[in-house]
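Q: Would you mind keeping the following structure in view while I ask a few things?
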């Protein structure tokens, strides 16, 4: 393992790092003057998506799972979804509304800066993991060359609906958690 300060970079983090590099390669494909074969985009995106299941498996198998690794994985997922949604929009199969898929995580983070109760930690969730997979697969499917505009729009809309539902579930849970806590603790003075 590679250690820096108090953060260890284990074998699973190297896989996540590779996913981040593949995401950067996909982001470079957004350059307007760059002509890229659609199948190349689909293959690179598919490899990045497949590696998402590998990093967690490695972390559990090698007992090197860390809070840093989980956060690195989550932020890499969010960036991949943002890049994929931009690529789907660039493909001209789907309108700019598809960017909502990629911007949702960042909107949530921005909202948490305004409403600190959104910063409370969430329990690990299979629902969140599955919706992330559904979202990524939907965006990749929308990029597949034989998939036309109406089908790409329907697929991307289904993925966005699943993602929006998942965020809503978490926001409502955080709201209920906030509502169940007293506004002032016993140590608060007026």
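The values are calculated or read from the model by the stated rules, or taken from the named source; none is laboratory data. Note that the structure is a prediction, hence the values are computed from the model and not measured. Heads up, the Cβs are rebuilt from the backbone with ideal geometry, glycines too, and the neighbour counts pull from every protein chain shown.
Q: Give the number of residues within segment 75-96 that are in a helix (DSSP H, G or I) and either exposed (fewer than 15 other Cβ atoms within 10 Å of the Cβ) or touching a strand residue (DSSP E or B) at 6+ places or on another chain (Cβ under 8 Å) (or both).
A: Result for segment 75-96: 2.
Q: Among the residues of segment 106-115, is there at least one that is more than 24 Å from residue 70 (Cα to Cα), loosely packed, with under 15 Cβ neighbours inside 10 Å and in contact (Cβ under 8 Å) with a residue 12 or more places away in the chain?
A: No, every residue in segment 106-115 fails to be more than 24 Å from residue 70 (Cα to Cα), loosely packed, with under 15 Cβ neighbours inside 10 Å and in contact (Cβ under 8 Å) with a residue 12 or more places away in the chain.
Q: Suppose we keep only residues that are touching a residue at least 40 places away in the same chain (Cβ under 8 Å) and over 17 Å from the mean Cα position of the chain (by Cα) within segment 116-125. Which one would you say is surrounded by the most Cβ atoms within 10 Å (Cβ to Cβ)?
A: Filtering segment 116-125 for residues that are touching a residue at least 40 places away in the same chain (Cβ under 8 Å) and over 17 Å from the mean Cα position of the chain (by Cα), the one surrounded by the most Cβ atoms within 10 Å (Cβ to Cβ) comes out as 118.
Q: Here's a follow-up. If you go through segment 34-56 one residue at a time, do you hit one that is within 17 Å of residue 130 (Cα to Cα), at pLDDT below 95 and over 17 Å from the mean Cα position of the chain (by Cα)?
A: no
Q: For segment 111-126, enumerate the residues that are part of a loop (DSSP other than H, G, I, E, B) and more than 17 Å from residue 75 (Cβ to Cβ).
A: 115, 120, 123
Q: Only one of (1) out of contact with any strand residue (DSSP E or B) (no Cβ under 9 Å at 6 or more places or on another chain); (2) in a loop (DSSP other than H, G, I, E, B); (3) in contact (Cβ under 8 Å) with a residue 60 or more places away in the chain is not met by residue 64, so which one is it?
A: Exception for residue 64: condition (1).
Q: Could I ask something else about it? Condition first: over 13 Å from the mean Cα position of the chain (by Cα) and at pLDDT 95 or above. Now tell me which residues in segment 67-85 satisfy that.
A: none
Q: Just give me the residues in segment 26-41 being crowded, with 17+ Cβ neighbours inside 10 Å and part of a helix (DSSP H, G or I), in sequence order.
A: 26, 41, listed by residue number.
Q: Is it the case that segment 127-147 has a residue that's over 25 Å from residue 35 (Cα atoms) and assigned to a loop (DSSP other than H, G, I, E, B)?
A: Within segment 127-147, none of the residues are over 25 Å from residue 35 (Cα atoms) and assigned to a loop (DSSP other than H, G, I, E, B).
Q: Can you find even one residue in segment 86-93 that is modelled with pLDDT of 90 or more and at positive phi?
A: Yes, there is a match, as at least one residue in segment 86-93 is modelled with pLDDT of 90 or more and at positive phi.
Q: Which residues, counting only those in segment 145-162, are more than 16 Å from residue 78 (Cβ to Cβ) and surrounded by 16 or more Cβ atoms within 10 Å (Cβ to Cβ)?
A: Listed by number, the residues that qualify are 147, 152, 153, 155, 156, 157.
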